[in-house]
1. Using a 7 Å offset from the Cα along the Cα-to-Cβ direction at both residue 154 and residue 289, what is the distance between the two label points in nm, to one decimal?
2. Between residue 50 and residue 79, what is 0.36 nm times their sequence separation minus the Cα-Cα distance? Round to one decimal in nm.
3. For the pair residue 58 and residue 173, how long in nm is the line joining their label points, each one 7 Å along Cα→Cβ?
4. Return the FRET efficiency for the residue pair residue 190, residue 310: r is the Cβ-Cβ distance, R0 is 25 Å, and the value is rounded to the nearest 0.05.
5. Accessible area per residue, 1.4 Å probe, Å², for region 265-354: what's the number?
6. Counting only protein heavy atoms, what percent of the accessible surface of region 151-190 is carbon or sulfur at a 1.4 Å probe?
7. Taking amide H positions as placed 1.01 Å from N in the peptide plane, with prolines and chain starts having none, which residues 5 or more places from residue 269, or on another chain, fall under 5 Å of its amide H?
8. In what order, largest first, do 108, 380 sit by accessible area if the probe radius is 1.4 Å?
Amino acid sequence: MDKWLTHNNFAKVLALVFSIILWAMVHLDSGTPVDSTTLAQPRFIDNVKIEVTGFDEDKYILYDLEPSTVRMEVKGKRIDLTTNFSDYKARLNLENLGPGTFTLPLTHELPPGVELISMDPSIVKVTIEAKETRTIPVTIVTKGEPADGLVLGTPIVAGEGTVDVTLPASEVQELSKVEGIVDVTGLKDSVKGKSVKLTAYDRQGQPMENAKISPSSVDVEVPINKLYKNVPLEVRKSGQLPSGYVLTGVETDVEGVVLYGSKEALEGISSYPVTVDLSRSDGSTETKYLVDLTPPEGFEKIEPSSVTITLHVMPGGQKQLEGVPVTLKNTGSSYDVKWIRPVEAMLSLTVIGPNETLDALRPEDIQITADLAHLGAGTHSVPIEVNLPEGVELADSETSITVDVELTEKGNPTSGVPVEHSDPADGAQSPAGSGTPSRQEEGGNTTEDITSGNGA
């Protein structure tokens, strides 16, 4: 150790270390600070967003603010330049400006100790346009299909079903609709209280980006029901009116009902029967009563569940009309017709109705027809069809009335009363003997009828 202390080189190194320590102690004791005032090189701050101030967004819309950011060149102390970049701001003041196009300077805000060298751009061009508001109904459309065996009802929008749409004045006329979409793919239950976002569309079906919709969404219900079918009511009558009154009409408060059921059940029904009890009439001109409706067998539900029946009656009487002419249809050109019963082409009918109507009723006001289509040679009992004026009915409407006629091939002797023949196209018949199958051509189809000596 003593050897190292007496060595010349070691002494030199030790002297240098002590010199450095003494220098540092002198400078620290004198309070001389480290130089922090040295300015850094100029620095660029990119993508500083332009903040718009003083703009009334409720009344106006701002166009053409391009670019929406600026680039700043700044200088300052290195410690200041490293401040958070969010402290660098560019502002555009639009206070007290109305509609029009303007070129305006930008202002800036920088961190303390930082100076602006340049800002690009330093001025911007903007267009301000007034807004207009229209009230428009909401349209709800559905996407997809519910589960098998179910159908969609009409979507229901909560509240008034309208919204306010605010647009630039130049775009208002292009507004076509406000629409929301509900996806019902595979659903088994109704949609209830679903909030649906709305979009405004122009006449070309494109979304309108500048539209402000208030409210921006609505609550919607979408019924999902079993398969259904609308069918008309079939009014049937039962019972008797009070003596001395006639029925002038039957009225129901609905024309049809909605039936819910399987596809097969719905395909097999075309009407819903409602029986009207005439004995419910109290003798006044109008009698109303309620009839409960139940689903037919095989159906799950019926709407509505009841119907209001109104019976219209008035005092009436009875009248017998003699000599009401009978018209034959589809006699063809191959047969002569002989009347058997009655012996002439006239009938007597007893009808009931309002006295005033019966007083004016004449035989020629009633149409009676008998259809001879598909009948061959022989004697036939043919049902008749009676067409009566409104408010008039047959006294015995339950009894079927028929006439007897004999058809004889042309050229054979007949004592029948001559009858005007209809156009052969209306039902011309090929000759056929009594009890013999006959074939006829109709529209290219061949049909076969069996006739007997007593009728078709």
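The values are calculated or read from the model by the stated rules, or taken from the named source; none is laboratory data. Quantities reported herein were computed from a predicted structural model and do not represent experimental measurements. Methodologically, a virtual Cβ is constructed for each residue, glycine included, from the backbone with ideal geometry; neighbour enumeration extends over all protein chains shown. Calculation scope for accessible area: heavy atoms of the full protein, side chains included, ligands and nucleic acids excluded. Shrake-Rupley method; radii C 1.70, N 1.55, O 1.52, S 1.80 Å.
1. In this crude label model, residue 154 to residue 289 measures out at 3.4 nm.
2. 7.9 nm
3. Using points 7 Å along Cα→Cβ, the separation is 2.9 nm.
4. 0.15
5. 50 Å²
6. Ligands and nucleic acids excluded, carbon and sulfur reach 47 percent.
7. none
8. Largest accessible area first, the residues go 108, 380.
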